[in-house]
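Take a look at the structure set out below.
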Amino acid sequence: MYEVCGEKELKVILALDQGDSISGVARKIDENRETIRRVVNRIEEAGYIAYDNGLHLVDQTIRDVGLEFLTATAEISPPSISEAYVLPQFAGMEYAFTAIDAIYVWTRGGYQVARDPEDYPLFIAVHESDVDAWTEFFDRFGIPTAKERQPADDLNGAIQVVLEPRSQIEAEMVDGRPVISLQETVTFANEYYATFESALDMLGRMYDDIDTDANYRMEPA
């Protein structure tokens, strides 16, 4: 009965959506596919998940209890920045990374605008009707939320989540992370060209179907 007590087992159960593949779950929680395959095999054999046109939980109660356990441990060990990027996968609500984080996702982590680890906002688009639920979800992990970035001096921790309410969300998946469209990401970067000139150059080289005016090139050291 202890098959789901490990870190990866718990992450799989919390992130799993009806019909997910092993590869899909691995990308969601930023883990190696082969590792997650072994984890899935263990908890499938134990009867916690089953395969029927994709993976699914046998009993939703396991996920609910798992989330309660995770929020309890957060009081002792608050989420790190990398863990905060995975947390939204556990909320069971639709979202998409946007703004600075859309650039981070579309460049596959290749571009990261300078963000102080002691003052680190995450930017996600959410449904207007889900704002209160998202606030409650992140509050369980001690992470404050707002519709605008808050001054670091007003917060108790390093991480905050900036919620961008939308009437609808058209997310694309990049490495298991939902994100606003590439074109919308480029439009955002162009609005702040001085900050994201190098990011635009990187995006222009990574994707053939977008057009940027960036001519930034890193000078050799």
Subset of the stretch 153-181 that is closer than 17 Å to Ser80 by Cβ and among the small types (Gly, Ala, Ser) - its residue that is surrounded by the fewest Cβ atoms within 10 Å (Cβ to Cβ): Gly157
Per-region count, the stretch 22-35, residues within 20 Å of Val105 (Cβ to Cβ) and in contact (Cβ under 8 Å) with a residue 24 or more places away in the chain: 7
Of all residues making up the stretch 102-121, the number that are touching a Leu at 6+ places or on another chain (Cβ under 9 Å) and crowded, with 21+ Cβ neighbours inside 10 Å: 3
Among (1) surrounded by 15 or more Cβ atoms within 10 Å (Cβ to Cβ); (2) over 13 Å from the mean Cα position of the chain (by Cα); (3) touching a residue at least 40 places away in the same chain (Cβ under 8 Å) - the single one Ala46 does not satisfy: (1)
Single unsatisfied condition, Asp119 versus (1) assigned by TED's automatic domain parsing to the domain that holds Gln160; (2) in contact (Cβ under 8 Å) with a residue 12 or more places away in the chain; (3) under 25 Å from Gly24 (Cβ atoms): (3)
Filter pass, Arg149 being of a type outside the set (Asp, Glu), in contact with a Phe, Trp or Tyr (Cβ under 9 Å, 6 or more places away or on another chain) and surrounded by fewer than 16 Cβ atoms within 10 Å (Cβ to Cβ): yes
Of residues in the stretch 7-17 being among the acidic types (Asp, Glu) and under 17 Å from Thr61 (Cβ atoms), the one surrounded by the most Cβ atoms within 10 Å (Cβ to Cβ): Glu9
Residues of the stretch 73-91 satisfying the condition of being loosely packed, with under 14 Cβ neighbours inside 10 Å and under 16 Å from Lys11 (Cβ atoms): Thr73, Ser77, Ser80, Ser82
Those strands (runs of 3 or more DSSP E) lying entirely in the stretch 15-98 with at least 1 residues small (Gly, Ala, Ser) and within 30 Å of Ala114 (Cβ to Cβ): 95-97
Residue list for the stretch 92-117, restricted to those being farther than 24 Å from Val12 by Cβ and in contact with a helix residue (DSSP H, G or I) (Cβ under 7 Å, 6 or more places away or on another chain): Ala99, Ala102, Ile103, Trp106, Thr107, Gly110, Tyr111, Gln112, Val113, Pro117
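Yes/no per residue for (1) within 26 Å of Ile210 (Cβ to Cβ); (2) buried (at least 19 other Cβ atoms within 10 Å of the Cβ); (3) touching a strand residue (DSSP E or B) at 6+ places or on another chain (Cβ under 8 Å); (4) not hydrophobic (A, V, I, L, M, F, W, C):
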residue	(1), (2), (3), (4)
Cys5	no, no, no, no
Gly19	no, no, yes, yes
Ala26	no, yes, no, no
Glu34	no, no, no, yes
Val40	no, yes, yes, no
Asn53	no, no, no, yes
Gln60	no, no, no, yes
Ile100	yes, yes, yes, no
Test: residue in the stretch 125-132 that is in contact (Cβ under 8 Å) with a residue 60 or more places away in the chain, touching a helix residue (DSSP H, G or I) at 6+ places or on another chain (Cβ under 7 Å) and surrounded by 18 or more Cβ atoms within 10 Å (Cβ to Cβ): no
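The values are calculated or read from the model by the stated rules, or taken from the named source; none is laboratory data. Given the structure is predicted, the values throughout are model-derived calculations rather than measurements. With ideal geometry, Cβ positions are generated from the backbone for all residues, glycine too; neighbour counts draw on all protein chains shown.
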